[in-house]
Every structure is written in structure tokens, then in C-alpha cells.
Amino acid sequence: MQNPSVLTQVLKQMGHGFEWDVRKEAAYVVSNIATAGNSDYTAMLIQLGAVQSICSILGHSDAKILTVALEALEYFLMVGNARADIDVFALMDEVDGIDKLEELQEHEDVAIYEKSVHLLETYFEAGEDADENIAPVTTEGSNQFSFGLNTPATGDSKIDFGNAFVAKQT
């Protein structure tokens with residue numbers, strides 16, 4: 001990349017305050033450079049602020065541009081994982097990019113949903129809330145459930161509700 005100042009201008013145009021069509025075209029430029037396969041160019045984009053610029057696009061509903069942004073983001077994360085001098089996670093966190101990525105799991109487009117889940121599962125550790133949607137595990141031949149654990153219930157600890165749910169007769 002001979003002239004990083006051109007990239008700086010492209011990244012600036014992805015920011016708020018520019019027309020949506022200009023922002024989309026700038027996102028295409030950034031994504032094309034990031035996904036071209038040259039990790040040095042991708043690293044340069046990251047150092048110039050491309051992660052933050054791409055994250056600013058993640059709040060939009062346009063599925064086509066979200067796909068472009070998510071593809072670029074994946075390459076940023078790959079390069080960030082391979083290089084100790086680049087912390088893509090921190091850069092994303094600064095601009096709520098991780099939250100935006102998590103919100104995309106609710107997107108109506110299945111491809112956007114799948115790509116956001118893939119990125120979260122591949123590059124981000126599961127947090128404490130990650131188990132909230134795990135189905136209960138049951139022991140064969142038993143009515144016992146074990147929520148949030150991947151080990152079957154052993155029956156060693158039971159809660160006795162006694163007659164707490166029996167209707168009282170008067």
C-alpha cells in the first residue's frame with residue numbers, strides 16, 4: 001500500500017455525517033482490501049482505524065452491506081489473532097462493536113445471523129451469559145432436569161417441596 005493517506009480518507013468517509021451511499025462504497029473498499037489475502041494490508045487498515053469504521057456499519061439493517069462488513073471484520077479478527085501488536089478485541093470494545101455483533105444474532109437475514117454467530121463463537125470467549133439458552137439435561141428414565149450443566153443429573157441432591165403445591169381443603 002503506497003499511500004495510506006488515501007485509506008485514511010476512505011475510512012473517514014465511512015463515519016457518521018456522510019451520505020449512506022458514500023459510507024457503503026467506503027465499506028466495500030475496506031472489505032476488498034481486508035479480504036484480498038495480504039495480512040500486511042489488513043494490519044495497516046486496522047492500525048488506521050478500519051475496525052472502528054466497520055463497526056459503525058454494524059448497526060444498519062442492509063443485509064448486503066452487513067455481509068461485506070462482517071467479512072472484513074472476520075479478516076481483522078484473523079490478523080489480530082495472528083499478531084501480538086494488534087488488539088482487535090479492544091478496538092471493537094471501544095466502539096461497542098462486540099455488542100453490535102451480538103445484536104446481529106437477532107437479524108432477520110439468516111446469513112447475517114449465521115455469520116455473527118460464527119464470529120462470536122470463533123473469536124470471542126463465551127461469557128457467563130452464554131449458557132442461558134442451553135436446554136435442560138435429563139437423566140434417562142428420570143424426571144430430573146439439570147439446567148445450564150452438560151452433566152446428567154445424578155439424583156444426589158433433591159429438593160423436597162413436601163405439600164407446598166397441594167391445595168388446602170377448608
Condition check for residue 22: in a helix (DSSP H, G or I), at pLDDT 85 or above and more than 27 Å from residue 83 (Cα to Cα): yes
* Taking the condition within 13 Å of the chain's Cα centre (by Cα) and either of a type in the set (Gly, Ala, Ser) or on the phi > 0 side of the Ramachandran plot (or both), does residue 43 pass? -> no
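Matching residues to (1) modelled with pLDDT of 90 or more; (2) open to solvent by 70 Å² or more (accessible area, probe 1.4 Å); (3) part of a helix (DSSP H, G or I):
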residue	(1), (2), (3)
2	no, yes, no
7	no, no, yes
12	no, yes, yes
16	no, yes, no
26	yes, no, yes
29	yes, no, yes
32	yes, yes, yes
37	no, no, no
43	yes, no, yes
Result of the Cβ filter at 9 Å on region 31-43, keeping first residues that are of a type in the set (Ser, Thr, Tyr) and partners that are assigned to a loop (DSSP other than H, G, I, E, B), at least 6 apart or interchain, is 39/83; 41/1; 42/35; 42/36
Within region 45-75, the count of residues that are surrounded by fewer than 19 Cβ atoms within 10 Å (Cβ to Cβ) and assigned to a loop (DSSP other than H, G, I, E, B) comes to 5
Taking region 82-126 and keeping residues open to solvent by 90 Å² or more (accessible area, probe 1.4 Å), in contact with an Asp or Glu (Cβ under 8 Å, 6 or more places away or on another chain) and within 19 Å of residue 34 (Cβ to Cβ) leaves none
Matching residues in region 6-34 (among the polar types (S, T, N, Q) and more than 23 Å from residue 94 (Cα to Cα)) number 1
When (1) part of a loop (DSSP other than H, G, I, E, B); (2) at pLDDT 95 or above; (3) among the acidic types (Asp, Glu) are applied to residue 85, the one that fails is (2)
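The values are calculated or read from the model by the stated rules, or taken from the named source; none is laboratory data. From a predicted model like this one, the values you see are computed outputs, not experimental measurements. With ideal geometry, Cβ positions are generated from the backbone for all residues, glycine too; neighbour counts draw on all protein chains shown. Please note that ligands, DNA and RNA were not included when accessible areas were found on the heavy atoms of the full protein model with its side chains. Shrake-Rupley method; radii C 1.70, N 1.55, O 1.52, S 1.80 Å.
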